[in-house]
1. If a residue must be touching a Phe, Trp or Tyr at 6+ places or on another chain (Cβ under 7 Å), farther than 18 Å from residue 300 by Cβ and away from the ligand (no atom under 16 Å from the Cβ), how many such residues does segment 92-139 contain?
2. Looking only at segment 89-143, which residues are over 26 Å from residue 248 (Cα atoms) and in contact with a Ser or Thr (Cβ under 7 Å, 6 or more places away or on another chain)?
3. So residue 288 passes all but one of these: (1) closer than 26 Å to residue 42 by Cβ; (2) of a type outside the set (S, T, N, Q); (3) within 13 Å of the ligand (Cβ to nearest atom); (4) without any contact (Cβ under 8 Å) to a residue 12 or more places away in the chain. Which condition number does it fail?
4. For the condition more than 13 Å from the chain's Cα centre (by Cα), crowded, with 19+ Cβ neighbours inside 10 Å and within 16 Å of the ligand (Cβ to nearest atom), what is the one hit in 269, 265, 261?
5. What's the total number of residues in segment 108-129 that are assigned to a loop (DSSP other than H, G, I, E, B) and either small (Gly, Ala, Ser) or modelled with pLDDT under 95 (or both)?
6. With the condition kept exactly as written, say whether any residue in segment 253-260 is among the acidic types (Asp, Glu), assigned by TED's automatic domain parsing to the domain that holds residue 125 and assigned to a loop (DSSP other than H, G, I, E, B).
7. Give segment 241-252 a look and list any residue that's away from the ligand (no atom under 11 Å from the Cβ) and within 15 Å of the chain's Cα centre (by Cα), or say none.
8. Which is surrounded by fewer than 20 Cβ atoms within 10 Å (Cβ to Cβ) and β-branched (Val, Ile, Thr), of 276, 245, 316?
Amino acid sequence: MAEQHSMEDLLRDAPSNWGKWGDEDELGSLNYLTPAEVLRGVQHIRSGNVFTLQRLIGDPKGDPVWPGRSPAQRTMIFDESTWDSDDAPAFPGGLHYADDKIEAFLQGSTQYDALGHVWYAGKIWNGYDARTTIGGLDKASVAPIAERGVVGRGVLLDLARFRGRENLDKGETFDHNDLEACAKSQGIEIEKHDVLLIRTNFLKLFFDQGEQFYEGFNEPGLTYSPELVRWFQDREIPNLVTDTIANEVTYEPETGIALPLHCALMRNLGVALTEICDLEKLAASCAEDGQYTFLYAAAPLKVHRATGSPVNPLAIK
Ligand code: UVW
């Protein structure tokens, strides 16, 4: 029988930021994004061109989601046909209007994960008891991130382009050394407190392949090593943003453990994770003008006790 590995064993000596911002902290590494970091980011606005990074919810071509989740369902409640009926609401003056609602996984589109979204060994970010998640996150929900907002210098690391490819493939990995090399090839350096945006263009395969995309599901992405986690901790990276569904290679190749960086970076260091972004227009622009740095700004929705929230981040060049 194959040896089973546990997250606890893998991350036994992994670095932690628990307690660094006090016992009551729910923001983690986003604390690095001070007003000075906002002003540092603003210095990278040159043309005023704005890029929105959210994927369309309800895309006629389909919405990529983590296996087991389903895309948002939008239902029309009121439209002009409502007033074909005799019992339609009547408003003085004859007002008609359109109304709709969505039923959605809060993690089912471009999204911020709450710091309490994943855990192991019974503890979430900052050491809070995992039982505080029951019925809703009493600690480290998405609401504190939404309240604060995320603004700083963003850096696009175009890994697909760096590897000379249209998109990275299933299970393909890279690490912090690759990020540094990619940055160098783009003529920039990754600086302390940068928001890292990593492009793989992997979700192109979702649109090209349809259902086959989910066979042997294993996204490409960063892969765990103690050195990589220390690199994130030393550079005080506040936020990791990617164009994949879950921000890292789905199964760590050596142990087969699922999503260890969610635990090592988010649960242990408090790095905010932003997933399912569309980086294509931004990447095309960066390739054209050679400017891979910009102001990054995002605020997820303020949803009480939520594990995550949709977001439409902005890159302003
Ligand atoms: C899981 O944690 C399973 O997924 P995500 O972080 O992509 O929402």
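The values are calculated or read from the model by the stated rules, or taken from the named source; none is laboratory data. Just so we're clear, the structure is a prediction, and the values are computed from it rather than from any experiment. In this analysis, Cβ positions are derived from the backbone assuming ideal geometry, glycine residues included, and neighbour counts consider all displayed protein chains.
1. Of the residues in that region, 6 qualify.
2. Those that are over 26 Å from residue 248 (Cα atoms) and in contact with a Ser or Thr (Cβ under 7 Å, 6 or more places away or on another chain): 100, 101, 138.
3. With respect to (1) closer than 26 Å to residue 42 by Cβ; (2) of a type outside the set (S, T, N, Q); (3) within 13 Å of the ligand (Cβ to nearest atom); (4) without any contact (Cβ under 8 Å) to a residue 12 or more places away in the chain, residue 288 is out only on (3).
4. Working: 265 fails: more than 13 Å from the chain's Cα centre (by Cα); 261 fails: more than 13 Å from the chain's Cα centre (by Cα).
Selected residue: 269, the only one of 269, 265, 261 that is more than 13 Å from the chain's Cα centre (by Cα), crowded, with 19+ Cβ neighbours inside 10 Å and within 16 Å of the ligand (Cβ to nearest atom).
5. The number of residues fulfilling the criteria is 6.
6. Filtering segment 253-260 for residues among the acidic types (Asp, Glu) gives 254.
Add one more test, that the residue is assigned by TED's automatic domain parsing to the domain that holds residue 125, and what stays is 254.
Still in the list and also assigned to a loop (DSSP other than H, G, I, E, B): 254.
Yes: one or more hits.
7. Quick first cut of segment 241-252, residues away from the ligand (no atom under 11 Å from the Cβ) only: 241, 243, 249, 251-252.
Correct list: 241, 243, 249.
8. Details: 276 fails: surrounded by fewer than 20 Cβ atoms within 10 Å (Cβ to Cβ); 245 fails: surrounded by fewer than 20 Cβ atoms within 10 Å (Cβ to Cβ).
Unique residue meeting the criteria: 316.
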